[in-house]
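Only one structure is covered here, and it is reproduced in the block below.
The values are calculated or read from the model by the stated rules, or taken from the named source; none is laboratory data. In this text the structure is predicted, and so the values were computed from the model without any measurement. A quick note on method: Cβ atoms are made from the backbone with ideal geometry, for glycine too, and the neighbour counts reach across all protein chains shown.
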Amino acid sequence: MNLHHLELFYYVARHGGISRAVRHMPYGIQQPAVSGQILVLERDLGVRLFERTPFRLTPAGEEVYGFIRPFYEGLDDLAARLSPKPLLQLRIGAAELILREHLPAIMRRIKRTHPGLRLILRSGMQAELESSLQNREIDLALIPLEGRASARLSCRRLVRIPLVLLVAKDSSIRSARGLLARNPVEEPLISLPASEGVTSLFRRELHKRRIEWLTAIEASSLDVIREYVVAGYGVGLGVDASPRKPHPGIRILPLEDFAPLEVAALWHGEADPRVAMMLEEVERWIAELWPTETGRG
């Protein structure tokens with residue numbers, strides 16, 4: 001048996017399917033490559049290891065997984081025991097927005113006092129990251145809450161961030177309320193992907209009000225949204241990230257009666273020193289961005 005093929009099968013079995021395994025692999029590999037190499041492993045063994053849809057290990061797959069699982073799950077402990085000094089590692093799952101817009105600055109601060117910290121980052125939504133916490137695949141999740149957190153996890157609500165619309169400085173649009181009264185709204189909307197917490201919440205609020213407003217431009221970051229608004233391509237969806245100085249070419253229109261984006265930290269059990277350190281730095285960062293009590297959770 002090819003040992004690399006066995007490793008791929010381990011991740012497929014552990015995470016319940018090939019597509020989920022690809023998202024959790026510690027190195028980059030494409031889904032077709034995993035599928036092809038698993039087929040080679042099954043051909044070499046002469047047995048089928050799992051059913052594809054819905055995913056289910058066959059008896060042979062259960063036997064192979066039971067044999068290789070202790071080896072792969074013991075590698076981190078082995079590395080820690082052999083290391084001349086303890087490895088400080090933190091596994092964080094977070095929404096894409098948090099990974100892009102906030103975590104780099106937070107980690108720069110932590111690296112000053114813990115330069116040897118090894119960081120493992122994973123993006124995901126609430127349900128997926130809650131599952132990762134319960135399976136001990138990550139240590140901490142930083143996410144917009146889209147519902148109650150699992151009772152089996154510790155939860156700290158961090159901040160409630162108001163949603164806003166962004167318009168060019170010379171725009172004739174004076175208020176979000178006036179714009180949304182033009183139902184359906186014809187102005188081009190520039191927003192993050194639908195999977196982002198900001199966009200998901202905004203869509204729910206529009207649906208409650210029976211307002212139709214299609215996204216014209218899907219952008220990868222809030223910075224990109226701001227640049228396209230300034231260039232005159234439409235109205236941007238963002239969050240109130242004061243006290244950062246607003247872009248000189250933009251006016252901010254509060255969405256006053258819209259629910260705010262609620263961001264929380266989730267972890268399993270008691271917060272160990274690594275998680276506590278991260279939470280402390282996250283809360284310090286939040287206090288700088290949203291210093292007033294109206295913005296805090």
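Observations, loosely collected:
- Top-ranked residue in segment 11-64 [being of a type in the set (Phe, Trp, Tyr) and in contact (Cβ under 8 Å) with a residue 24 or more places away in the chain; ranked as surrounded by the most Cβ atoms within 10 Å (Cβ to Cβ)]: PHE50
- Subset tally (residues that are free of Cβ contacts under 8 Å to residues at least 60 places away in the same chain and either among the aliphatic types (A, V, I, L, M) or touching a helix residue (DSSP H, G or I) at 6+ places or on another chain (Cβ under 6 Å) (or both)) for segment 175-202: 7
- Residue among LEU163, LEU129 that alone is over 16 Å from the mean Cα position of the chain (by Cα), crowded, with 17+ Cβ neighbours inside 10 Å and hydrophobic (A, V, I, L, M, F, W, C): LEU163
- Listed by position, the strands (runs of 3 or more DSSP E) enclosed by segment 109-178 that each have at least 3 residues that are under 26 Å from ASP77 (Cβ atoms) and out of contact with any Phe, Trp or Tyr (no Cβ under 9 Å at 6 or more places or on another chain) are 118-123.
- Flag for ARG274 being without any contact (Cβ under 8 Å) to a residue 40 or more places away in the chain and either touching a His at 6+ places or on another chain (Cβ under 6 Å) or not in a strand (DSSP E or B) (or both): no
- Scanning segment 49-66 for residues that are within 16 Å of GLN37 (Cα to Cα) and of a type in the set (D, E, K, R), we see that the one that is farthest from the chain's Cα centre (by Cα) is GLU51.
- For PRO188, the conditions (1) modelled with pLDDT of 95 or more; (2) of a type outside the set (Gly, Ala, Ser); (3) touching an Asp or Glu at 6+ places or on another chain (Cβ under 7 Å) all hold with the exception of (3).
- Of the criteria (1) among the aliphatic types (A, V, I, L, M); (2) more than 28 Å from the chain's Cα centre (by Cα); (3) more than 23 Å from GLU137 (Cα to Cα), which one ALA33 fails: (2)
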